[in-house]
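S.K.: Here it is, the structure, as structure tokens.
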Amino acid sequence: MKQASVSGLEGVVAAETKIGLVDGEIGQLVYRGHYARRLAVSRSFEETAYLLWYGALPGKEQLTAFKARLAKHRKLTPELRRLMDAIPEETPPMSAAMSVVAALQGSEGMTAWPPSAEQAERLTAVLPVIVAYRHHLQNGTEYPEQAAETDHVAHYLHLLFGRPAWAPHVRAMNAYMVLAMEHGLNASTFAARVVASTGSDIHSAVGAAIGAMKGPLHGGAPSGVIKLLEEIGSKDNAEPYMRSLLERGERLMGFGHRIYKTSDPRAEALREVTAGLAKDDPWLDLAQHAEREAIRLLEEYKPGRKLFTNVEFYAAAVMRAVRMPPVLFTPTFTAARVVGWTAHVLEQSQHNRIFRPQSVYIGPAPSGD
Ligand code: ACO
């Protein structure tokens, strides 16, 4: 019987979840009953990860114990070093991360099924180490063995840049990583759930998710916004430069969204976090000014189109402010989204049914016998 085909599964409900809610109509992103924009400005990466995995924010003692576990698991072990050294130097960071994550399956006595929160913690702890080690390897710079920060995000930035990060930059990056952790049944999260539904292990599910995230249509870098800000260059040039783009019928990168037809709550949270930092960072100052001018110009040139700032705009501003090399934008997104993927893998394993959608055959009818 012929059935309607559904391109890209748009609008198809494929899972029930208690982890996250994305409502594009009213601009809401909710993590287990908490607004993500509030978590981003008031809670740490660790508190939010704990919430997504365990269903509630941690108490003081739970948080201390949890942070100690993450610190223990973020070591560059000889096994991990060997694995990464064996990958060809020219392998891009996301492909290297995918291979290393898959290869870690079975290490330290971890069973394949069912996936556990401990495995989610270990994977989340180790991903920044993988990203930073590969980055130093590829650049011929020294991996800082002695980064002593206990906070996950501060530790990650220290590993990348070889020195302790400036506290306001840590706060901005913390907010970004909290907001990047979870966003419903996006392509990579769906990939993770599909793999988990087969009874495969959490490392394979996360490896598949990294593969999906690597695609430019999903984890693509906010480089268009960086280019826009660099071309604008100074506050004085913001209005005339963007006006000239709109006059030529071009789009302003970092504005408009397919789902959010009102303010993107992630952009709002990042605007709030970066507002206090703009006086100390010329890039954030320029971004805020450019945003105000862009919104005004979009109302003038595209009245009634509901064009608001999207998350890419402030993600770019934060990445540029902390001097994150563009090649690390997607790996950094990955180091945050691994929390959402693993939360979904755990949820899938608790009420598992293998995914088995159907296809509609549109090929030729059989001929002959
Ligand atoms: N600048 C100028 N005009 C815009 C912009 C923009 N950023 N976005 C949409 N418009 C205009 C279009 O020209 C169109 O105008 P028209 O009616 O006169 O033809 C109208 O608004 C509707 O545009 P659509 O493309 O139909 O809107 P859609 O919701 O499909 O597009 C998209 C969403 C692709 C994100 C779009 O807004 C865009 O190209 N933005 C710039 C690129 C960008 O910021 N991408 C990152 C998105 S965030 C993310 O993916 C996580």
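S.K.: Using unit Cβ charges (K, R positive; D, E negative) and no other charged atoms, how large, in debye to the nearest 20, is the dipole of the chain about its Cα centre?
M.R.: The calculation lands at about 440 debye.
S.K.: Grab the other residues whose beta carbon is less than 15 angstrom from that of R43, score K and R as +1, D and E as -1, and report the net.
M.R.: Within the 15 Å Cβ shell, the charges total +2.
S.K.: Turning to a different aspect of this structure: Any idea what the alpha-carbon Rg over 2.2 N^0.38 Å comes to for the range 132-226?
M.R.: After normalising by residue count via 2.2 N^0.38 Å, the value is 1.29.
S.K.: Can I ask one more? Suppose we take every Cα in the chain and form the convex hull; what volume per residue is that in Å³?
M.R.: 185 Å³
S.K.: Once you keep just the Cα pairs under 8 angstrom separated by 6 or more residues, what percentage relative contact order results for the chain?
M.R.: 25 percent
S.K.: Given a Förster radius of 30 Å and the C-beta distance between Y241 and T262 as r, what FRET efficiency does 1/(1 + (r/R0)^6) yield to the nearest 0.05?
M.R.: Using R0 = 30 Å, I get an efficiency of 0.65.
S.K.: On a full-extension model of 0.36 nm per residue, what is the gain between A102 and H136, subtracting their alpha-carbon distance, rounded to one decimal in nm?
M.R.: 10.1 nm
S.K.: Next question, about the same structure. Rounded to whole Å, give me the distance from the Cα center of the range 253-273 to that of the range 1-73.
M.R.: 18 Å
S.K.: Under the definition of Cα pairs under 8 Å and six or more residues apart, what whole-number percent is the relative contact order of the range 191-270?
M.R.: About 17 percent, as a whole number.
S.K.: Here's another thing I want to ask about it. With Cβ to Cβ distances under 13 Å as the rule, what net charge do the other residues near A269 carry (K, R +1; D, E -1)?
M.R.: Within the 13 Å Cβ shell, the charges total +3.
S.K.: How would you rank 147-156, 186-195, highest first, on the average number of other Cβ atoms within 10 Å across their residues?
M.R.: 186-195, 147-156
S.K.: So what are the range 72-169's ellipsoid semi-axes, whole angstrom, largest first, if each one is the square root of 5 times an eigenvalue of the alpha-carbon gyration tensor?
M.R.: Values for the range 72-169, descending: 23, 18, 11 Å.
S.K.: Carbon and sulfur: what percent of the range 136-268's accessible surface (1.4 Å probe)?
M.R.: Answer for the range 136-268 is 51 percent, counting heavy atoms of protein chains only.
S.K.: Could you sort 238-251, 300-313 so that the peptide with the highest average Cβ count within 10 Å comes first and the rest follow in order?
M.R.: Listed from highest to lowest mean packing, they are 300-313, 238-251.
S.K.: Within the range 7-103, report the GluC sites (Glu not before Pro) that DSSP leaves as loop and that have at most 13 other Cβ atoms within 10 Å.
M.R.: Counting only loop positions with at most 13 other Cβ atoms within 10 Å, the GluC sites (Glu not before Pro) in the range 7-103 are E10, E16, E25, E89, E90.
S.K.: Report the net charge of residues surrounding E149, where surrounding means a beta-carbon distance below 15 angstrom and charges are Lys +1, Arg +1, Asp -1, Glu -1.
M.R.: +3
S.K.: If you don't mind, another one. 5 Å is the cut-off here: which amide hydrogens, built 1.01 Å from N in the peptide plane, fall below it relative to F255, excluding neighbours closer than 5 in sequence?
M.R.: Counting only residues 5 or more places away or on other chains, the set is N310.
S.K.: Which FRET efficiency value, to the nearest 0.05, do you get for A14 and R305 by plugging their Cβ-Cβ distance into 1/(1 + (r/R0)^6) with R0 = 22 Å?
M.R.: 0.15
S.K.: Hey, another quick one. Suppose the chain between H351 and R251 were pulled fully straight at 0.36 nm per residue; how much longer would it get relative to their current alpha carbon spacing?
M.R.: So the chain would gain 31.6 nm between H351 and R251.
S.K.: Taking the dipole about the Cα centre of the chain, with the C-beta of Lys and Arg at +1 and of Asp and Glu at -1, give me whichever of P58, A192, T91 is farthest to the positive side.
M.R.: Value computed over the given set: P58.
S.K.: Oh, and also: Mind jotting down the distance between the C-alpha centroids of the range 124-144 and the range 305-369, whole Å?
M.R.: Comparing the Cα centres of the range 305-369 and the range 124-144, I get a distance of 23 Å.
S.K.: For labels at E25 and E89 in the simple 7 Å Cα→Cβ model, what's the distance in nm?
M.R.: Using points 7 Å along Cα→Cβ, the separation is 5.6 nm.
S.K.: Give the accessible surface of the chain per residue, rounded to a whole number of Å², with probe radius 1.4 Å and ligands, DNA and RNA excluded.
M.R.: 49 Å²
The values are calculated or read from the model by the stated rules, or taken from the named source; none is laboratory data. In this text the structure is predicted, and so the values were computed from the model without any measurement. Virtual Cβ from ideal backbone geometry, glycine too; neighbours counted across all protein chains shown. With ligands, DNA and RNA removed, areas are computed over all heavy atoms of the protein, side chains included. Shrake-Rupley method; radii C 1.70, N 1.55, O 1.52, S 1.80 Å.
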